[in-house]
Structures are given as C-alpha cells and as structure tokens.
Amino acid sequence: MAVSLLALEVSDLCLGKPALRSLALTTTIAEALFALKNSDDNFLSVWNCDHAAKTNNDYKGNCEEEGCDVCECKCVGKVSMVDVICYLCKDENLLFPSDALKAPVSVLLPEIPGMVVHVEPTSSLLEAIDLILQGAKNLVVPIKTRYSTRRKQLQKLSITSPTIHNGREFCWLTQEDIIRFFLGSIGLFAPLPALSIDTLGIISTEFVTIDYHSPAISELEAISRSLADETSVAVIDSDGILIGELSPFTLACCDDSVAAAITTLSSGDLMAYIDCGGPPEDLVKVVMARLKERGLEAMLQEFANCSCYSTTSSCQSQSSSSDEESVSSTPVSTLHRSGKYSRSMSYSARMVRRAEAIVCHPKSSLVAVMIQAIAHRVNYVWVIEDDCSLVGIVRFYDMLKVFRESLEDMA
C-alpha cells in the first residue's frame, strides 16, 4: 500500500472534480464582480488565451473544439470577492468606486510568481507536493470531458465558462485535496497521525494579528496577504487573547459592499458585520454615517444602492440541502445580493463561516487538526493555550512537509 502512494499520479486525485469556471484576462472588474455574485464558487480562474499564438492556415474550426492546435491557453491566477473588496478599499478607489471597476481584472492578480502552476495529469503525487512546498497554491490539471455543441451554446450565454483547449477542460488541485487524500489513507502513516502538533514542530509563529479595537482598514494589506497565503488575520485583545478572525473565506461569502465596512469600522465591529454573511442594521447605519462624514459620497451611494433590507434567519455554520434543515435564530438585517443567489442567504449553494476562529491545543494530534481544518474548509487552525492566548497557527503547508518526509522514508 505504501508503494502505491508513491505511484499515484495527480489525475488520481482529480477524479470527479468539477471543471474550472474561467474569466479572460481582459475581463473588467465589474464583469468579474457580476460573475462572482452569480457563481457558487468563491474563486474564479483567470486565463490568458492567445488565439494567434500558432498559425494553422488549413484549420477552419473553433479553437475550443477538440483537435484544434492553433491557440495557447494558460491560467495566470484566480480572483475572489476578497480581491475586489480590498481593491475598492485602496485610497485611490474610495472616491470613485464605479470608475475603479472599469479596470481589467488583471490588476487584481498578486505579483507573486508561481502561485498557479500547470501540471500534466501524469505528474506524480510527490511532484505535486514539491510544487506546493515551493510556493504554488493551485495546480491546474487538464481533465478529459465530452464537450457537446449544446454545452458550448449554454456557455456563450455566461461570462464564465470552463476553459477548453484541445478538447480538455481543467480543474484545481489544492493543498486541501492532498491533505484530504492523506486523511483517507492515514493508517499508512502510523504512528505519525497520533503525534501532537507540538511534538512534530509544525506550529508556526508567523501569523498576523490585529487589535480588536483597531481600525480594520489599518490591516488591509494583511487581509490581502492572508488571502494569498490561504490563512487569516487573528483578532486579539490587549492581553493577546484570541477573540476571532478576519478570514478571507468569510469575506468571500459577502459582497463588495463590505469595502465600505472595512473603510469605516473597527476590527471587532467588522467581525460582527461579516459574521454569517449578514450585517446587523445598527452597524449598517454606522457605516453610512461615517461614509457621509468622510465625504465618500460615491461609495455611500453604492453602499445604499445594495442595502435592501429584509428580515431573515441569521446564520448557520455550514451548508444545508433544504430549508427544513436550516438552523434559525434571532432575525437580523441582511444585504440582498444581485443575481440568482444571495451570497448571504444561499446556504444550500455554499458553506458560510462565522467570524469565530477554529482553534486547537499544542497537544492536539495531527489527525485531529487535519479533521478540524477539512471539516471547516480552511487551510489552517489557530493554536491556543488553556487561557485562550494565541501561540501559533498550523497550516496545511506545514502538514505537507511532514507527510513529504514520511513518503521519502517509505521509498
């Protein structure tokens, strides 16, 4: 069995994975925003397709058809609602947010090389892990599908569509996919899974914190960096006690009106604003008043336009397959999102996280922390002492290092 792990290819981990929804590199941020609001995905891939890269005078078909070899398509990154929110919070975009949305989506992509890497389906599992340990966040893997004419016609009606090149679609392979796979074969790594994260030395002290009372806008760069690093920003009090977090995953379940909240609220108030995807009405009024005080009339108008209130059940920690399964509590005001789904209300379409941090203890076992992270769909777990003081963070990245070393020992 151990030998079979070493023989695995990345295609074995991609079975059943959905094809990527894509945006063109020249798509405007406004178009990307519309696509995100109408998508069940928190991230959309961005592609640079050069249809003039190769010349084939004899070929008269469409580059998206199978057998075409006259264009080159490459995934150059991914964007989420968090990218749009952080972009709108920049000083140069606060006065005229509508004009800022006319820029191409390429301005949202981080200038960090190697975050998205194309790999062949025959690449080994070890090669995939090595690429991630070298800095790749997403591996782009081609998958074989039957691409019908009817499907192509439906895709032309949408801004986003699976990217087709030589009859192939593509999917992501992420850190979570590999950790989830290792969890399914965890017995092969005994006694490693039972060891504590402290014993394994994978508790990292490299993390970003912000004081509960500090302005949220002061850590805008930290939020952007945590999105790129697939971690989060810890919110602590003056004694170093972990209160919660400003998680890119939670922000991704909101809409662009959160930019106004980041600009005007403290970190503690922002946690309450984004908690479960629905802001309390009193904080909405605070945001509007402070925007007016600062003379941000355009942002105030944009914020007011999407602030249509209705009373709805507040929040639940994970997705539900039906209304009967949903957990209701005190009614709060939520912002309606345009499109097919309300991003704060579509619990059947996506998982919505609270601003409450996921935590473990230094003596927690590796397998316990893996299960925690996977269950909450995050790439990290905060590590606290018995008094709730924050001591570190455990990331999938650190876990993969341990598993990589174990696989070497199996060879």
*In nm, to one decimal, how far is the Asp40 label point from the Asp282 one, both placed 7 Å along Cα→Cβ?*
3.8 nm
*Length gain on complete extension for the stretch Glu385 to Asp198, per 0.36 nm per residue less the alpha carbon to alpha carbon distance?*
66.1 nm
*Under a plain spin-label model, where a point goes 7 Å from the Cα along Cα-to-Cβ, how far apart in nm are Leu183 and Arg404?*
2.1 nm
*How far is it, in nm, from the label point at Thr209 to the one at Val359 when both lie 7 Å from their Cα along the line to the Cβ?*
1.2 nm
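Just to make sure I understand: if all protein chains stay in place, what is the order of Trp172, Trp47 by accessible area at 1.4 Å, largest first?
Working: Trp172 35, Trp47 10 Å².
Ranked list, largest accessible area first: Trp172, Trp47.
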*Sorting Phe96, Phe303 by accessible area (1.4 Å probe), largest first, what list results?*
Phe96, Phe303
*Estimate the FRET efficiency between Lys74 and Asp12 by the formula 1/(1 + (r/R0)^6), using the beta-carbon distance for r and 22 Å for R0, to the nearest 0.05.*
0.40
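The values are calculated or read from the model by the stated rules, or taken from the named source; none is laboratory data. Predicted model only: the values in this text are computed from it and were never measured. Backbone-built Cβ (ideal geometry, glycine too); neighbour counts: all protein chains shown. Ligands, DNA and RNA are excluded from the accessible area calculation, which covers all protein heavy atoms including side chains. Shrake-Rupley method; radii C 1.70, N 1.55, O 1.52, S 1.80 Å.
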